[in-house]
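Colleague: Can you read through this structure? Questions will come right after.
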Amino acid sequence: MIHIEVNFEGIHELDAELKRLIGAMTGSEATELNQVAAQSAVLAARDYHLAFAQDRKWDNPSLGTHGPGRESTGFGEDIAVAWHVASSDATGAIIANGAPLYRHKVKGGPITPKRVKFLTIPIVPEAHGRRAIDYSRDFSSRLFMIPGKMALFERVENEGDFSVLTPTRIRKRNGRNAGLAARSTVRAVYLLSRGITQDPWLGALPPEEDLIEAFRRGWLEELATIVDMP
């Protein structure tokens with residue numbers, strides 16, 4: 001924080017431009033300076049996250065949800081546009097981001113299922129950004145569990161994760177038991193988990209020095225505008 005004290009005692013005449021400069025830095029216009037500077041920092045944060053999303057840095061390559069069939073959820077773009085000036089006054093300004101799930105990307109922590117027994121973690125491109133119930137509807141696919149395997153499967157015609165060699169009992173998502181014929185080819189669509197712990201996402205926050213520089217540049221540019229006003 002910058003603290004400025006101005007003593008006019010003994011000074012009878014000041015250049016008009018200097019008066020405007022001092023007034024902008026110490027008077028009511030100081031809030032406007034910080035508001036404009038904070039908006040510059042917001043734009044810098046948005047640019048950072050738009051580039052972050054375009055580079056697909058929010059993706060988790062270990063899940064294998066890349067390739068044909070994958071659709072964008074707009075997650076990265078939602079984070080970018082959520083940056084805003086939360087407050088500003090003569091002493092400074094605060095920028096913030098309240099996008100859903102963004103805090104968890106920054107802080108990390110446990111993720112546990114709510115109102116259901118398992119988390120469903122997509123592991124094929126088509127399942128990315130879709131709940132299991134939506135996947136079943138969108139692709140007219142019946143998902144099921146195979147005893148001993150923590151996943152939701154579907155039958156496929158061609159290449160799958162494996163072929164069932166013998167008739168196998170399966171459990172549908174509605175809880176009913178059914179049979180799967182021998183030599184059926186299946187693939188896992190979602191992994192099932194009782195909970196995971198997510199690490200903070202590398203690069204989830206824009207570099208602090210970039211935001212400081214954007215704020216400084218915006219502040220100085222607005223100050224120059226105020227001083228140049230007739």
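The values are calculated or read from the model by the stated rules, or taken from the named source; none is laboratory data. Since this is a predicted model, take the numbers as computed values, not measurements. All Cβ positions, glycine included, derive from the backbone under ideal geometry; neighbour counts span all protein chains shown. Each accessible area value is taken on the protein alone, full model and side chains, heavy atoms only, with ligands, DNA and RNA left out. Shrake-Rupley method; radii C 1.70, N 1.55, O 1.52, S 1.80 Å.
Colleague: Restricting attention to the range 75-105, which residues are out of contact with any helix residue (DSSP H, G or I) (no Cβ under 9 Å at 6 or more places or on another chain) and open to solvent by less than 40 Å² (accessible area, probe 1.4 Å)?
Modeller: Within the range 75-105, ALA96 is the sole residue that qualifies.
Colleague: Can you tell me which residues in the range 80-128 are among the β-branched types (Val, Ile, Thr), in contact (Cβ under 8 Å) with a residue 60 or more places away in the chain and under 30 Å from VAL36 (Cα atoms)?
Modeller: Across the range 80-128, the qualifying residues are THR91, ILE95, VAL106.
Colleague: Turning to a different aspect of this structure: Given the structure, is GLY10 assigned by the TED database to the domain that holds PRO206 and modelled with pLDDT of 80 or more?
Modeller: So GLY10 fails the test.
Colleague: Related question: I'm trying to understand the selection: among the residues of the range 29-74, which are open to solvent by 50 Å² or more (accessible area, probe 1.4 Å) and of a type in the set (Gly, Ala, Ser)?
Modeller: SER62, SER72, listed by residue number.
Colleague: When you look at VAL189, is it modelled with pLDDT under 75 and open to solvent by less than 20 Å² (accessible area, probe 1.4 Å), yes or no?
Modeller: The answer is no for VAL189.
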